[in-house]
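Novice: A single structure is presented below for examination.
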Amino acid sequence: MWGLLLALAAFAPAVEVDLGAPSTSVLGLATTKAPVPTPRSSPAQPSAGKEKGTSEQHVRIRVIKKKKIVTKKRKKLTHPRPPVTARPSVTTSPTGTLDLTEKQEPDCPPLGLESLRVSDNQLYASSSQSFGLGPHRGRLNIQSGLEDGDLFDGAWCAEQQDAEPWLQVDAGHLTRFSGIITQGRNSIWRYDWVTSYKVQFSNDSQTWWGSKNRSSGMDAVFPANSDPETPVLNLLPEPQVARFIRLLPQTWLQGGASCLRAEILACPVSDPNGPFPEVPVLGSSDSLDFRHHDYKAMRKLMKQVNEQCPNITRIYSIGRSHQGLKLYVMEMSDQPGEHELGEPEVRYVAGMHGNEALGRELLLLLMQFLCREFLRGDPRVTRLLTETRIHLLPSMNPDGYETAFRRGSELVGWAEGRWNHQGIDLNHNFADLNTPLWEAEDEGLVPDTVPNHHLPLPAYYTLPNATVAPETWAVIKWMQRIPFVLSANLHGGELVVSYPFDMTRTPWAARELTPTPDEAVFRWLSTVYAGTNRAMQDPDRRPCHSHDFSLYGSIINGADWHTVPGSMNDFSYLHTNCFEVTVELSCDKFPHENELPQEWENNKDALLTYLEQVRMGIAGVVRDKDTELGIADAVISVDGINHDVTTAWGGDYWRLLTPGDYMVTASAEGYHTVTRSCRVTFEEGPVPCNFRLTKTPKQRLRELLAAGAKVPPDLRRRLERLRGQKN
Ligand SMILES: [Zn+2]
């Protein structure tokens, strides 16, 4: 998803929208300390031994209304924070008879702050600067809105006066905590990050014990961040079994605030007699290969699927990455390797941003699933494979993926691996055909002089020194070779489906609603994916970052979100017949492996249902009336929609349309055009809408002359009369 977003941010004064009350009272226990008499102006010193007995403390609630600061104080009894003593062993469990069968894994998976599996009300903090910097924002890789101080800021930040800040996570059940990953604050306006912290644990959020250095027995102080974005991992000297964990920033960047984003690594522990609810099992009923696959493993897996289902699969490569890795495609159809007349071609493309790894795995899961279900005779899958030719490109940017994969799902951060090896963002690298089209439209040349479809590559784009990535070229050639009708481009980092145009029509506008002439179809396609994706349909879901797309059915016009010139979707629509949308699959760009079964379940139905939408609209064959041969490159125009499609080599075409009555015209060089009406209903289609075209006399003459035949005198006279007339 978004790359240029931040760069495009217009400078605007940061307005503080401080919903002070929710930041403390709604989101947790919020035992804010009394105002500290000596505000810190330099990084706080480690504050050991400041714990006291029961005391009255104040919860400060700051409410800013119309620039007037109101400070309310009310008394609240808080429990003592006990001295940090030697770690009680696991027998601190209230049951006292805990039989722990811990999973002995070297690395525990993330608890789910980034993936949102940990909900907002499991996060607490000593204080927060504002609602937008509340504990619920202390999630690894969370992205701020454009302006600091809004509801969607880029970290949890303690109040400046808070001398002993902490962020607390309630795992909800007993857990073996093994490590912590932190980042600083995501902001284009400020620098804030924590440089060291301590860690404490509790089973009841009252009694806490600290993580100790093995050698000294002292509280361990963990080194943290030195920039805002790079995730820093600290493994605990000894994993701790507890329900609650607290991060206590000790020092932070001078002049900044105690701000962090975190993920907690934690292994589930089995506690059948315990008081805490059992860990919910995230699973899938499909037994598929739920792992992340690097290049070699991906190739191996694809080969396995091919061997398992040789009759419906074919692996081919569309080219190589900059570093020479092949761009493999899995083709799945009843007649792999050939375009069957009347059978539409569909594709999924994943991994154009190498670090957005979920789409790649979903396509690898999809090919396993289609193969297996076909073998089992599942009617839905059989029909899909019989009636469509499916092409799956799991990794458009394998170089970027390898970079991200080596770093690992939790430590790759937000951007590493996004670009190809040359540093090119592939989703900005396609030829901008929007500008020439819109310029021609402004001059009134479309569609009579300049076509409204299949715009040619601009001359500059094909120059030898043009900055076009090999991956981009490979996909362009692929698009030109196969008559694709429908596609989705799988990304990650948000939960929304965005549809073209991706580029704003007003030059330099950062965002602007820019619909295509096929707005209705694109909204339908987007709604189908969003409406069948379980995560997007979850009514309780919170926004990933700074946009709440659920307010709009989890779909958006791409340009209305942020402008992307040179996007694959726009290019696909303007250079080929193919309608393509972008699916942002999950908040977390590179989910941990153990999230994959859940993500598969979230997307399985959507991936199938979306491909089935190729049946929506009209389809048919344009033939020569005399010979019955199909006519290639005939143009299919629909009255009222200023975007035509063309026929494939056999004369077959598909025109995606929403239900309604349409006047459809077929035209081809050398033929008289034919217009007929076609009705698209809500029944499953596509509706047949065939054409038989008659050659023009001029065309007959051309063909006779080309064949070296003598033209009969009467026909010659007729043709001479016609000469000069348009056919
Ligand atoms: Zn992306």
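Novice: Quick one: which residue in Lys604, Lys589 is surrounded by fewer than 22 Cβ atoms within 10 Å (Cβ to Cβ) and among the basic types (Lys, Arg)?
Specialist: Just one listed residue meets the conditions, Lys604.
Novice: Please specify each residue of region 282-324 satisfying the condition of being among the polar types (S, T, N, Q) and either at pLDDT 95 or above or surrounded by 18 or more Cβ atoms within 10 Å (Cβ to Cβ) (or both).
Specialist: Gln304, Asn306, Gln308, Asn311, Thr313, Ser317, Ser321, Gln323
Novice: Within region 426-448, does at least one residue satisfy the condition of being under 30 Å from the mean Cα position of the chain (by Cα), within 16 Å of the ligand (Cβ to nearest atom) and without any contact (Cβ under 8 Å) to a residue 24 or more places away in the chain?
Specialist: Checked against the condition, which is being under 30 Å from the mean Cα position of the chain (by Cα), within 16 Å of the ligand (Cβ to nearest atom) and without any contact (Cβ under 8 Å) to a residue 24 or more places away in the chain, region 426-448 yields no hits at all.
Novice: Residue by residue through region 163-191, note down the ones that are of a type in the set (Ser, Thr, Tyr), in a strand (DSSP E or B) and more than 11 Å from Phe244 (Cβ to Cβ).
Specialist: Ser178, Thr182
Novice: Tell me yes or no: at least one residue of region 651-661 is within 23 Å of Gln480 (Cα to Cα), of a type in the set (A, V, I, L, M) and outside any loop (DSSP other than H, G, I, E, B).
Specialist: No; the residues of region 651-661 include none that is within 23 Å of Gln480 (Cα to Cα), of a type in the set (A, V, I, L, M) and outside any loop (DSSP other than H, G, I, E, B).
Here is a yes/no grid of residues against (1) surrounded by fewer than 22 Cβ atoms within 10 Å (Cβ to Cβ); (2) more than 16 Å from the ligand (Cβ to nearest atom); (3) of a type outside the set (Lys, Arg):
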{"position": "Tyr328", "(1), (2), (3)": "yes, yes, yes"}
{"position": "Gln335", "(1), (2), (3)": "yes, yes, yes"}
{"position": "His339", "(1), (2), (3)": "yes, yes, yes"}
{"position": "Pro344", "(1), (2), (3)": "no, yes, yes"}
{"position": "Arg347", "(1), (2), (3)": "no, yes, no"}
{"position": "Gly354", "(1), (2), (3)": "no, no, yes"}
{"position": "Arg360", "(1), (2), (3)": "no, no, no"}
{"position": "Leu365", "(1), (2), (3)": "no, yes, yes"}
{"position": "Leu370", "(1), (2), (3)": "no, yes, yes"}
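Novice: Among what's in region 416-445 and is assigned to a loop (DSSP other than H, G, I, E, B) and in contact with a Phe, Trp or Tyr (Cβ under 9 Å, 6 or more places away or on another chain), pick the residue that is surrounded by the most Cβ atoms within 10 Å (Cβ to Cβ). Quick ask: steps written out before the conclusion?
Specialist: Applying the first criterion (assigned to a loop (DSSP other than H, G, I, E, B)) to region 416-445 yields 416-425, 429-433, 443-445.
Next cut, in contact with a Phe, Trp or Tyr (Cβ under 9 Å, 6 or more places away or on another chain) only: 417, 425, 430-433.
Numbers: Gly417: 25, Asp425: 19, Phe430: 27, Ala431: 23, Asp432: 18, Leu433: 22.
My answer is Phe430.
Novice: Let me ask something else. Every residue in region 216-240 that is open to solvent by 70 Å² or more (accessible area, probe 1.4 Å) and part of a strand (DSSP E or B), please.
Specialist: Of everything in region 216-240, those that are open to solvent by 70 Å² or more (accessible area, probe 1.4 Å) and part of a strand (DSSP E or B) turn out to be Pro223, Leu235, Glu238.
Novice: Can you tell me how many residues within region 336-370 are in a loop (DSSP other than H, G, I, E, B) and either charged (D, E, K, R) or in contact with a strand residue (DSSP E or B) (Cβ under 8 Å, 6 or more places away or on another chain) (or both)?
Specialist: 13
Novice: So which residues in region 575-586 are over 30 Å from Ser287 (Cβ atoms) and crowded, with 24+ Cβ neighbours inside 10 Å, if there are any at all?
Specialist: Residues satisfying the conditions are Asn577, Phe579, Glu580, Val581, Thr582.
Novice: Is there a residue being among the small types (Gly, Ala, Ser) and within 12 Å of the ligand (Cβ to nearest atom) anywhere in region 406-420?
Specialist: yes
Novice: Going through region 490-523 one residue at a time, which ones are within 16 Å of the ligand (Cβ to nearest atom) and surrounded by fewer than 22 Cβ atoms within 10 Å (Cβ to Cβ)?
Specialist: none
Novice: Of all residues in region 555-567, which are crowded, with 24+ Cβ neighbours inside 10 Å and either more than 16 Å from the ligand (Cβ to nearest atom) or under 17 Å from Met352 (Cα atoms) (or both)?
Specialist: Gly558, Val564, Ser567
Novice: Can you list residue pairs whose Cβ atoms sit under 7 Å apart, with the first residue in region 538-560 being more than 18 Å from Asn602 (Cβ to Cβ) and the second being charged (D, E, K, R) and surrounded by fewer than 18 Cβ atoms within 10 Å (Cβ to Cβ)? Count only pairs 6 or more apart in sequence or on different chains.
Specialist: Listed by first residue and then by second, the contacts come to Ala559/Arg511; Ala559/Glu512; Asp560/Arg511; Asp560/Glu512.
Novice: Give the residues of region 568-623 that are hydroxyl-bearing (Ser, Thr, Tyr) and within 16 Å of the ligand (Cβ to nearest atom), sorted by residue number.
Specialist: Ser572, Thr582, Ser586
Novice: Which residue, of Glu471, Glu402, is open to solvent by less than 60 Å² (accessible area, probe 1.4 Å), touching a residue at least 40 places away in the same chain (Cβ under 8 Å), in a helix (DSSP H, G or I) and away from the ligand (no atom under 16 Å from the Cβ)?
Specialist: Going through Glu471, Glu402 in turn, just one is open to solvent by less than 60 Å² (accessible area, probe 1.4 Å), touching a residue at least 40 places away in the same chain (Cβ under 8 Å), in a helix (DSSP H, G or I) and away from the ligand (no atom under 16 Å from the Cβ): Glu402.
Novice: Kindly list the number of the only condition in (1) closer than 13 Å to Arg542 by Cβ; (2) under 23 Å from the mean Cα position of the chain (by Cα); (3) of a type in the set (S, T, N, Q) that fails for Asn141.
Specialist: Result: Asn141 passes all but (1).
Novice: Which of the residues that make up region 474-489 are surrounded by 14 or more Cβ atoms within 10 Å (Cβ to Cβ) and away from the ligand (no atom under 16 Å from the Cβ)? Don't jump to the end; show me each part of the working.
Specialist: Going through region 474-489, the residues surrounded by 14 or more Cβ atoms within 10 Å (Cβ to Cβ) turn out to be 474-476, 478-479, 482-489.
Residues satisfying the conditions are Ala474, Ile476, Trp478, Met479, Ile482, Pro483, Phe484, Val485, Leu486.
Novice: Taking region 689-710 only, how many residues are assigned to a loop (DSSP other than H, G, I, E, B) and modelled with pLDDT of 90 or more?
Specialist: Count: 4.
Novice: Now for a different question. Going by what's in this entry, would Glu471 be described as within 30 Å of Asp399 (Cα to Cα), among the charged types (D, E, K, R) and more than 17 Å from the chain's Cα centre (by Cα)?
Specialist: The answer is yes for Glu471.
Novice: Given the conditions (1) touching a residue at least 40 places away in the same chain (Cβ under 8 Å); (2) of a type in the set (Ser, Thr, Tyr); (3) under 30 Å from Ala632 (Cβ atoms), which single one is not true for Ser321?
Specialist: (3) is the only condition that Ser321 fails.
Novice: Against the condition touching a helix residue (DSSP H, G or I) at 6+ places or on another chain (Cβ under 9 Å), open to solvent by 10 Å² or more (accessible area, probe 1.4 Å), more than 16 Å from the ligand (Cβ to nearest atom) and under 22 Å from Trp438 (Cα atoms), how does Pro539 come out, does it pass?
Specialist: It is false that Pro539 is touching a helix residue (DSSP H, G or I) at 6+ places or on another chain (Cβ under 9 Å), open to solvent by 10 Å² or more (accessible area, probe 1.4 Å), more than 16 Å from the ligand (Cβ to nearest atom) and under 22 Å from Trp438 (Cα atoms).
Novice: So which residues in region 178-215 are of a type in the set (Val, Ile, Thr), surrounded by fewer than 19 Cβ atoms within 10 Å (Cβ to Cβ) and more than 19 Å from Gly413 (Cβ to Cβ), if there are any at all?
Specialist: Matches in region 178-215: Thr207 only.
Novice: Is there a residue in region 480-495 that is closer than 25 Å to Thr388 by Cα and assigned to a helix (DSSP H, G or I)?
Specialist: yes
Novice: Could you identify the single residue in Arg623, Arg676 that is closer than 17 Å to Glu340 by Cα and open to solvent by 20 Å² or more (accessible area, probe 1.4 Å)? Break it down stepwise before answering.
Specialist: Details: Arg676 fails: closer than 17 Å to Glu340 by Cα.
Matching residue, one of Arg623, Arg676: Arg623.
Novice: When you scan region 131-148, do you find a residue that is surrounded by 24 or more Cβ atoms within 10 Å (Cβ to Cβ) and among the aromatic types (Phe, Trp, Tyr), even just one?
Specialist: Looking through region 131-148, none of the residues is surrounded by 24 or more Cβ atoms within 10 Å (Cβ to Cβ) and among the aromatic types (Phe, Trp, Tyr).
The values are calculated or read from the model by the stated rules, or taken from the named source; none is laboratory data. In this text, all values refer to a predicted model and were calculated from it rather than measured experimentally. Please note: Cβ atoms are built from the backbone with ideal geometry, for glycine as well, and neighbour counts cover all protein chains shown. When the accessible area is computed, the model is the full protein with side chains, heavy atoms only, and any ligands, DNA or RNA have been set aside. Shrake-Rupley method; radii C 1.70, N 1.55, O 1.52, S 1.80 Å.
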